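A quick write-up on the structure given underneath.
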Amino acid sequence: MKKVCIVGASGKLGQYMVQHALERGYEVVGVCREKSVQKLDRFKDRMTIIPGMTNDRTIIEKAVAGCDGVLTVLAPWGVQQYSSGTAQAVMDFARPEARLIFSCGWHISLDGKDVYSWKIKFIEKVIGPIIRFLRLVEIDDQIEAARRIFASDTRWTVVRGSDLEEGESQGLPVWSRHVGDPILESNMTRRIDFALFMVDALTNDDLIGEAPAIVGCQTPSALAHKQQSSPQSAS
Ligand SMILES: NC(=O)c1ccc[n+]([C@@H]2O[C@H](COP(=O)([O-])OP(=O)(O)OC[C@H]3O[C@@H](n4cnc5c(N)ncnc54)[C@H](OP(=O)(O)O)[C@@H]3O)[C@@H](O)[C@H]2O)c1
């Protein structure tokens, strides 16, 4: 892994991914909205920044050229197929052998075997349509993005984040194939460690074709079920 592209580099998760990728000595190319470029000021001498919308196919084609890995923040903003447009462009233009890592939440399901809390169901079934109606967020489109990724023959991993909090790193999160597994019960991950998992996945071929649901390694549920830590907890 020498050169990586981070799509959505200026966001909270994106900035942590830039930090981890630079620490690993990777050459980093970042894509972010023009108005957000200044959020990357502290990295600007150590990375290439390509300003533009992440679902702009011309921008993505340029950004992923020659990259061994692409880390993509799937953000369901607006109602213009932002997530699926971004994911499709990354899959279409990245090198066939490139590792593609995408971020999303637990609400995405690879095989339909996840068991969801009432809170997640409520957000998807009730809040989702309201915010879509207000043209703010399109959760359905993030689901469509994931569907296309799962159906692709790219070397993908879709990392499903729990609820997130800020704070110092606690180490690499643990994961399971299914939401509802006891190890995930604490439902909390430090955002810096979500980013660590994404960057680490670039060189972990065991995660190809997986949609790991992650949780902080120091959370009570992770500690209580340590011995059955991923992927053995998968059923
Ligand atoms: N937040 C959570 O609790 C949570 C929980 C589980 C999983 N996740 C997943 O984690 C990932 C990162 O989420 P995050 O909440 O931490 O946010 P984030 O890292 O700040 O990322 C948000 C991204 O969306 C972009 N963005 C914001 N407003 C936009 C707009 N109106 N139009 C286009 N792009 C816009 C941001 O770019 P700018 O820098 O240009 O604003 C940034 O790249 C996502 O994949 C999300 O599904 C989040």
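The values are calculated or read from the model by the stated rules, or taken from the named source; none is laboratory data. This structure is a prediction, so every number in the text was calculated from the model and none was measured. No Cβ is skipped: glycine too gets one built from the backbone with ideal geometry, and neighbour counts run over all protein chains shown.
Key figures
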read-out: Any hit, segment 88-99, residues being of a type in the set (Val, Ile, Thr) and either part of a helix (DSSP H, G or I) or more than 18 Å from VAL199 (Cα to Cα) (or both); value: yes
read-out: Those residues of segment 3-19 which are assigned to a strand (DSSP E or B) and not charged (D, E, K, R), in sequence order; value: VAL4, CYS5, ILE6, VAL7
read-out: Given (1) surrounded by 19 or more Cβ atoms within 10 Å (Cβ to Cβ); (2) in a helix (DSSP H, G or I); (3) at pLDDT 95 or above, number of the condition ASP206 does not satisfy; value: (1)
read-out: Residues of segment 28-56 classified as over 19 Å from PRO76 (Cα atoms) and of a type in the set (D, E, K, R), total; value: 6
read-out: Pick from segment 186-203, criterion of a type in the set (S, T, N, Q) and touching a strand residue (DSSP E or B) at 6+ places or on another chain (Cβ under 6 Å), ranking: surrounded by the most Cβ atoms within 10 Å (Cβ to Cβ); value: THR189
read-out: Positions within segment 158-175 being part of a strand (DSSP E or B) and within 13 Å of the ligand (Cβ to nearest atom), in sequence order; value: VAL158, VAL159, ARG160, GLY161, LEU164, GLU165
read-out: Number of the condition not met by SER109 [criteria: (1) within 11 Å of the ligand (Cβ to nearest atom); (2) of a type in the set (Ser, Thr, Tyr); (3) within 21 Å of ALA213 (Cβ to Cβ)]; value: (1)
read-out: Tally, over segment 176-193, of residues that are more than 17 Å from LEU207 (Cα to Cα) and not in a loop (DSSP other than H, G, I, E, B); value: 7
read-out: Filtered residues of segment 112-143 (kept if of a type outside the set (A, V, I, L, M, F, W, C), surrounded by fewer than 18 Cβ atoms within 10 Å (Cβ to Cβ) and either away from the ligand (no atom under 13 Å from the Cβ) or modelled with pLDDT of 95 or more (or both)); value: GLY112, LYS113, TYR116, SER117, LYS121, LYS125, PRO129, ARG132, ASP140
read-out: Condition check for ASP45: without any contact (Cβ under 8 Å) to a residue 12 or more places away in the chain and either over 24 Å from LEU164 (Cβ atoms) or of a type in the set (Val, Ile, Thr) (or both); value: yes
read-out: Count of residues meeting criterion [touching an Asp or Glu at 6+ places or on another chain (Cβ under 6 Å), within 11 Å of the ligand (Cβ to nearest atom) and closer than 21 Å to ASP153 by Cβ] in segment 64-106; value: 1
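For every residue, the table says whether it meets (1) within 14 Å of the chain's Cα centre (by Cα); (2) more than 10 Å from the ligand (Cβ to nearest atom); (3) in a strand (DSSP E or B); (4) of a type in the set (Phe, Trp, Tyr).
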| position | (1), (2), (3), (4) |
| --- | --- |
| MET1 | no, yes, no, no |
| ALA21 | no, yes, no, no |
| VAL29 | no, yes, yes, no |
| LYS39 | no, no, no, no |
| ARG42 | no, yes, no, no |
